[in-house]
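The values are calculated or read from the model by the stated rules, or taken from the named source; none is laboratory data. Keep in mind that what you see is a predicted model, and the values were worked out from it rather than measured. Every residue, glycine as well, gets a Cβ built from its backbone with ideal geometry; the counts of neighbours run over all protein chains shown. Please note that ligands, DNA and RNA were not included when accessible areas were found on the heavy atoms of the full protein model with its side chains. Shrake-Rupley method; radii C 1.70, N 1.55, O 1.52, S 1.80 Å.
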Amino acid sequence: VMTVKDKVFFFWGGMDTLAIILYCLNSVQKGRMPVISDALSFIDLWSAHSTLVPGALVLLLFALDLGLLLSFILSAIFFFKRQRCAVKFALFQEVFRLISFRCSVAFFPLLADVTGISNVWVNLVLFMISETLKLYSLIYYKYAKKGVRA
C-alpha cells in the first residue's frame, strides 16, 4: 500500500522525468542534439551581442534554463528515492520554474502542443494551476501525518 508521500513523490518524480524526455524528443524532432545544440545556439547569440549588458543577460538566462533542466534529473532521483531533501529541492527549483515559465506538470505543455493551443492566457492559467498543484501537494505532504495511507 502506497502512502500519501509515496504517491506525491512518485507523481513529481514522473513529471520531472517526463519533462526531460519531452525536452529530448522535442530537440531530436527539430533535428537538434539536446543540450549541445542549445549551447551552440547560445554561443551564436552571445557572439551576436557586442555590448556587455545584453550579452550578460543572455548568459544568465541560458545558465538558469540549463541549470533548471539539469536539475530535473536530480529532482526525479530524489523523488523516486523518496529522499527528504526532495521537497526542499523542489521548492528551491520553484523559483527558477517561475523565472523560466516551466510547468511542473509536464502534461500541460504536451497537451497544449497536441491540441494546438498557443494562447498566452491559456498557457498562463495552465502554468498557474501546475505550480499551485505542486506547491499544495508538497506542503500537504510536509504537514500530513506521517505514514498516512490513501
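General observations
- Test: Ala39 is over 15 Å from the mean Cα position of the chain (by Cα) and either over 29 Å from Ile129 (Cβ atoms) or exposed (fewer than 12 other Cβ atoms within 10 Å of the Cβ) (or both): yes
- Residues satisfying the stated conditions in segment 123-143, i.e. over 13 Å from the mean Cα position of the chain (by Cα) and hydrophobic (A, V, I, L, M, F, W, C): Leu124, Val125, Leu126, Met128, Ile129, Leu133, Leu135, Leu138, Ile139
- Comparison of Leu64, Leu110, Leu68, Leu91 shows that the only residue that is touching a Lys or Arg at 6+ places or on another chain (Cβ under 7 Å), open to solvent by less than 80 Å² (accessible area, probe 1.4 Å) and of a type outside the set (D, E, K, R) is Leu68.
- The numbered conditions (1) in contact (Cβ under 8 Å) with a residue 60 or more places away in the chain; (2) loosely packed, with under 12 Cβ neighbours inside 10 Å; (3) of a type in the set (A, V, I, L, M) are all true for Ala19 except (2).
- Tabulated pairs, segment 76-88, first free of Cβ contacts under 8 Å to residues at least 24 places away in the same chain and of a type in the set (Lys, Arg), second crowded, with 16+ Cβ neighbours inside 10 Å and assigned to a helix (DSSP H, G or I), C-beta under 9 angstrom, 6+ apart or interchain: Lys81/Phe9; Lys81/Gly13; Arg84/Phe78
Matching residues to (1) within 22 Å of Tyr141 (Cβ to Cβ); (2) of a type outside the set (A, V, I, L, M); (3) in contact with a helix residue (DSSP H, G or I) (Cβ under 7 Å, 6 or more places away or on another chain):
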residue: Phe62; (1), (2), (3): no, yes, yes
residue: Lys81; (1), (2), (3): yes, yes, no
residue: Val105; (1), (2), (3): yes, no, yes
residue: Pro109; (1), (2), (3): no, yes, no
residue: Ile117; (1), (2), (3): no, no, no
